[in-house]
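No lab work stands behind these numbers, since they all come straight from the coordinates. All of these numbers come straight from a predicted model, not from anything done at the bench. In this analysis, Cβ positions are derived from the backbone assuming ideal geometry, glycine residues included, and neighbour counts consider all displayed protein chains.
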Amino acid sequence: MAGVVDAKLAELGITVPAAAAPLANYIGYNVVGKLVVVSGQIPLVDGKIAVTGKVGGAVSIEQGQHAARICFVNLLAQLKAATGGDLDRVKRVVRLGGFIASGADFTQHAMVMNGASDMAVAVFGEKGKHARTTIGVPALPGDAAVEVEGMFELE
Amino acid sequence: MAGVVDAKLAELGITVPAAAAPLANYIGYNVVGKLVVVSGQIPLVDGKIAVTGKVGGAVSIEQGQHAARICFVNLLAQLKAATGGDLDRVKRVVRLGGFIASGADFTQHAMVMNGASDMAVAVFGEKGKHARTTIGVPALPGDAAVEVEGMFELE
Amino acid sequence: MAGVVDAKLAELGITVPAAAAPLANYIGYNVVGKLVVVSGQIPLVDGKIAVTGKVGGAVSIEQGQHAARICFVNLLAQLKAATGGDLDRVKRVVRLGGFIASGADFTQHAMVMNGASDMAVAVFGEKGKHARTTIGVPALPGDAAVEVEGMFELE
């Protein structure tokens, strides 16, 4: 039987991939008590970074939002691994941290990060309302345009 | 009856505003067990960012410290909402994260962040002593000069 | 009797210094329940920053990895203070956050941060496998090349 969150994902047309394999001596998430701490996710699709460059430069705000959405889907992939596949065990999206690769004159970081935040609430409803910190950065691993990390609470 | 922390705020002449309303699909804080995770705060005063630009550029270190203090007051506003108005329920300022908008040649980030750290200890005393991470960033949402996020423990 | 982790540190030739004294109104770590939240550490050795400048500029990737290793040793110093000297009480390296001072065209942040991640696993084995977020920053306090923060779980 599909869960409530799985049904919502299907309705939204969101496919959650398998969690990306770790590339080094770190892992996708750790669970401490009821907290799940998930590693920063870049907009990887099938092993390739889908959106590279600087938002406000070669990357538009819309493309940045798209990148933030992919990052959130990749957070979901880790969360699915952390919950044994049952996303209904997620009690709360506690916090998202958003990192927007952009220049010193860019100031629309919040709008870019809304790509991830809007998806969190679309998928989890009230449980998806999260604390958030969004900042600009000069560059990200692999020239990713956006990186998003997450902290979640389980039932 | 005013609480201990409220009395200290009055003594210091600090007025804590109402918590800023969320501008998007995120919220000012989340509570997990006894932890309060508060969203990154920019130096908003009456809905306008009081200090914009880069510290070490158009913004002096003193102005940056002023911005950091406003960010901390805005963290207090969220914390007040999280505690039902009773800041005496705060057991510990666990961690502050400080983001200083500045250039590649700026190195005095710690001095800027002391604006927030000094106020944490002025307001909460020993309970205000926190772990801290301070970094430079090229720019922040809305061109804010400083952003500060916080994690707090409740009694 | 030396603990398991102390024996591993000796085998690896790693000397953990005394935890650096706080330079301002913040402290090296805070403990909340079984979580230890450790302040961002820069590559201080005997009170001086051992590696300054930008990785990918004057600082090579290898030197950046060296800086990340020193940051991790300084995290261990704080953790030793938090555990009363008994690092065997560490159940898990929950999360490392890595900040790499570098320019807009640098993209090898993950490789630099592996200096810290590899040491975490060398020292703690399976318990050292952590969630991780790595980003570029324009500059760090004191012109440090790398800063690493950590979250740990105690037994």
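B:A21 label point (Cα plus 7 Å toward Cβ) to equivalent points in the other copies: 5.0, 5.0 nm, shortest first. Counting only Cβ charges, +1 for Lys and Arg and -1 for Asp and Glu, the dipole size of the protein assembly as shown around its Cα centre is about 600 debye.
Calculated from the alpha-carbon coordinates, region B:1-49 shows an Rg and a Dmax of 13.6, 36 Å respectively.
Pop the C-beta distance of A:L12 and C:D46 into the FRET formula with R0 = 60 Å and round what comes out to the nearest 0.05. List each step's numbers first, then the result.
On the way: r = 55 Å, r/R0 = 0.92.
The formula returns an efficiency of 0.60 here.
Ascending distances from the C:G85 label point to its copies in the other chains, with the point 7 Å along the Cα-to-beta-carbon line: 5.0, 5.0 nm. The base-10 log of I(q)/I(0) for the protein assembly as shown, evaluated at q = 0.09 Å⁻¹, reads -0.53 [Debye formula, identical scatterers on Cα atoms, solvent excluded].
Please compare each pair in A:K80/C:K129; A:K129/B:K91; A:K8/C:K129; A:K80/B:K34; A:K48/C:K129; B:K54/B:K127 to a cut-off of 27 Å on the Cα-Cα distance and tell me which ones are over it.
Over 27 Å Cα-Cα: A:K8/C:K129; B:K54/B:K127.
Relative to the other identical copies, A:A7 shows label-point distances of 5.5, 5.5 nm, where the label point lies 7 Å from Cα along the Cβ direction and values run shortest first.
Its DSSP H runs of at least 4 residues, each contributing -39,500 (n - 2.57), put the calculated 222 nm mean residue ellipticity of chain A at -10000 deg cm²/dmol, to the nearest 500.
Axis-proximal residue of chain C for the rotation onto chain A, reported as residue and distance in whole Å: C:P138, 3, based on Cβ position.
Rounded to the nearest 5, what % of the DSSP beta bridges within the protein assembly as shown are antiparallel ones?
Values: 63 of 93 bridges.
Roughly 70 percent of the beta bridges in the protein assembly as shown run antiparallel, per DSSP.
Using only side-chain charges placed at the Cβ, +1 for Lys and Arg and -1 for Asp and Glu, the dipole size of chain C relative to its Cα centre rounds to 260 debye.
Between region A:1-62 and region A:115-140, what's the alpha-carbon centroid distance in Å? Region A:1-62 and region A:115-140 have Cα centres spaced 12 Å from each other.
Once you divide the Cα radius of gyration of region C:4-154 by 2.2 N^0.38 Å, the number left is 0.97.
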